[in-house]
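*Asks:* Next up is a structure, given as structure tokens.
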Amino acid sequence: SAEISILKARKLFDKHGETRLWLQLSGSLTYIYLRKTPPLLDETKAIIDQHERESGLFDPDGQLPDRHKSFFCTKAEYYKCLGKLDSAEYFFRKAMHDNMSHTSCNRIYHGFLDVFKERGNVDSIAKYSELYCAANDSSISIKDQDIAARMSASYDYMLYANRANRLELAHTRLMSAIVILVLAIATVVLGM
């Protein structure tokens, strides 16, 4: 269903001439294609090629800004599926940059781990197993912290919402008491 939704979005982007926006968001579709059994390699290659030609993200040297380097992970995973491990390793390395998120590191280290497992390189398997586990743990820790922060914010919101409701109820009661008092005084004054 995700694939169907993405393809519908692609048609809308294409219809409105927003191919560049579609290509910047196409990573989800290539992710799905590469995880199918068997992987949809021709479809993935077509998206990769179109991305390189039309996205407008690449500089003249074929480099991407850091925030878009995850594209190289997609390209690395494509080559890994083809069994071209040297190319896969090259693009995983190209995806690395300073200030990467733990999620990005996680994906790259997992990719390296798969490449070195295929090659049977025990030292590299040990190295990237540790790095992958550390990145994965950090990712989980950050997600846990985010969940705790959201729960705290939700609790704070409910606390302040309840306090606001109580103040509004007290204000309504006070206004009702004032109206009743004014009516009582008016009745007494008019009755004299």
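The values are calculated or read from the model by the stated rules, or taken from the named source; none is laboratory data. Remember, predicted model here, so these are calculated numbers, not experimental data. All Cβ positions, even for glycine, are placed from backbone atoms using ideal geometry, and neighbour counts span all protein chains on display. Protein only, heavy atoms only, side chains kept; ligands, DNA and RNA dropped before computing areas. Shrake-Rupley method; radii C 1.70, N 1.55, O 1.52, S 1.80 Å.
*Asks:* What are the ³J(HN,Hα) couplings of region 182-189, residue after residue, when phi is run through the Karplus curve with 6.51, -1.76, 1.60 and θ = phi - 60°? Round to Hz, x for glycine and proline.
*Replies:* Here the 3J(HN,Hα) series is 4, 5, 5, 4, 4, 5, 5, 5 Hz.
*Asks:* Taking the Cβ of residue 70 as the center, what net charge do the other residues with Cβ under 12 Å away carry, scoring Lys and Arg +1 and Asp and Glu -1?
*Replies:* +3
*Asks:* Quick check on region 1-68: take the gyration tensor over C-alpha atoms, sort the square-rooted eigenvalues as a ≥ b ≥ c, and tell me if it's rounded (a/c under 1.5), prolate or oblate.
*Replies:* Verdict is oblate for region 1-68.
*Asks:* A further question follows. Could you tell me what percent of the accessible area of the chain is made up of carbon and sulfur, with a 1.4 Å probe and every protein chain present?
*Replies:* Within the chain, the accessible surface is 58 percent carbon and sulfur.
*Asks:* What number comes out for the charge environment of residue 18, summing +1 per Lys or Arg and -1 per Asp or Glu over other residues with Cβ under 15 Å away?
*Replies:* Net of charged neighbours comes to +3.
*Asks:* Run down the lysines and flag those whose C-alpha is under 28 Å from the C-alpha of residue 11, throwing out any fewer than 8 positions away in its chain.
*Replies:* Output for residue 11: 36, 45, 69, 75.
*Asks:* Another question, if that's okay. Compute and list, largest first, the equivalent-ellipsoid semi-axes of the chain from the alpha carbon gyration tensor, each √(5λ) rounded to a whole angstrom.
*Replies:* 59, 24, 14
*Asks:* Show me the ranking of peptides 104-110, 184-190 by mean Cβ neighbours inside 10 Å, starting with the highest.
*Replies:* Packing order, densest peptide first, comes out as 104-110, 184-190.
*Asks:* Rank 96, 158, 175 by mean-square fluctuation in a GNM of the chain with C-alpha springs under 10 angstrom and give only the top-ranked residue.
*Replies:* In this elastic network of the chain, the residue with the biggest mean-square fluctuation among 96, 158, 175 is 175.
*Asks:* So for region 1-141, averaging the separation of alpha carbon pairs under 8 Å that are six or more residues apart and normalising by length, what relative contact order in percent results?
*Replies:* Reported relative contact order: 16 percent.
*Asks:* Using a 1.4 Å probe, what is the accessible area per residue for the chain, in Å²?
*Replies:* Per residue, the chain has 68 Å² of solvent-accessible surface.
*Asks:* If you add up the charges near residue 44, with Lys and Arg at +1 and Asp and Glu at -1, over every other residue whose beta carbon is less than 12 angstrom from its beta carbon, what do you get?
*Replies:* Around residue 44, the surrounding residues sum to +1.
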